[in-house]
Amino acid sequence: MVQLASVGGQEAWAGTTPSADGSASGSPVAGTPACKGLLQKTFLRLQDEQPQNLCQYAGKVVLVVNTASYCGFTSQYEGLEKLYAKDSARGLVVLGFPSNDFGQQEPGDSKQIAEFCHNTYGVKFPMFEKSVVSGASANPLFKELAAATGRSPMWNFYKYLIGRNGQAIAAYSSLTSPDDSKLTADIERALSAR
């Protein structure tokens, strides 16, 4: 489970290190758009628990999804991977956040979750270490997404769309499949925005 820690007077996920200015490590790569709002966070990557600053996705359209390996919606991994493969070159990134919040449907550790996602669904989109995504203990990204959209995840495979400007566009229920016409239209509009 990831844990929040104080780094240089700022909150950051455990495993990050302070930079010279006291902020969490993992600043955006030179030449990328300025990192704003929701993406100013660092999480541990699922596969190897290396800190990953979400600012590396600044200027992209980001679809954030809380996932679970043993849920009736788990087959959505396939559609999410198809979306990512189809539109990643145009600037779409899907970010998966495994969580055991709903129905205890993500009981495994990072290694088990990573192997399941890769071996069962061929997931290549970025995945992060299991964390809490709802309630008072939700990780900071999900807290801010819930505040920005007025909607907290109610089950696994809840989705949030973030525009190129780093601001939340919309939230989608677990019933919204990755090929849903409203979701894909919203993604298309966000990808077309500059």
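Just so you know, all these numbers are worked out from the coordinates, no wet-lab data involved. For clarity, every value in this text was computed on a predicted model and none was experimentally measured. Cβ placement follows ideal geometry from the backbone for every residue including glycine, while neighbour counts extend to all protein chains displayed.
Listing for the model above:
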| read-out | value |
| --- | --- |
| The range 86-119 and the range 30-75: distance between their alpha carbon centers, rounded to Å | 11 Å |
| Hull-based mean projected area of the range 71-113, where the convex hull spans the alpha carbons, in square nanometres | 3.6 nm² |
| Packing-based ranking, highest mean first, of 97-105, 44-52 given that Cβ atoms within 10 Å are counted | 97-105, 44-52 |
| Per-residue HN-Hα couplings for the range 117-122 [Karplus 6.51, -1.76, 1.60; θ = phi - 60°; Hz; x = Gly/Pro] | 4, 6, 6, 8, 10, x |
| Residues whose placed amide H lies under 5 Å from that of Ala170, excluding near-sequence neighbours | Leu161 |
| Calculated from backbone phi, Karplus (6.51, -1.76, 1.60) coupling profile of the range 181-188 in Hz, x at Gly/Pro | 4, 5, 4, 5, 5, 5, 4, 4 |
| Two-decimal log10 I(q)/I(0) for the range 57-192, as the Debye equation yields it once each C-alpha is a single scatterer, q = 0.09, 0.12 Å⁻¹ | -0.22, -0.41 |
| 5 angstrom amide H check on Val133, placed H, neighbours 5+ away | Asp101, Asn139 |
| Residue-by-residue Karplus 3J(HN,Hα) for the range 52-61, coefficients 6.51, -1.76, 1.60, Hz, glycine and proline x | 10, 7, 5, 4, 5, 9, 4, x, 9, 8 |
| Candidate aspartates and glutamates for bridging to Lys60, where Cα separation is under 20 Å - those fewer than 8 sequence places away on the same chain excluded | Glu81, Asp87, Glu144, Asp179, Asp186, Glu188 |
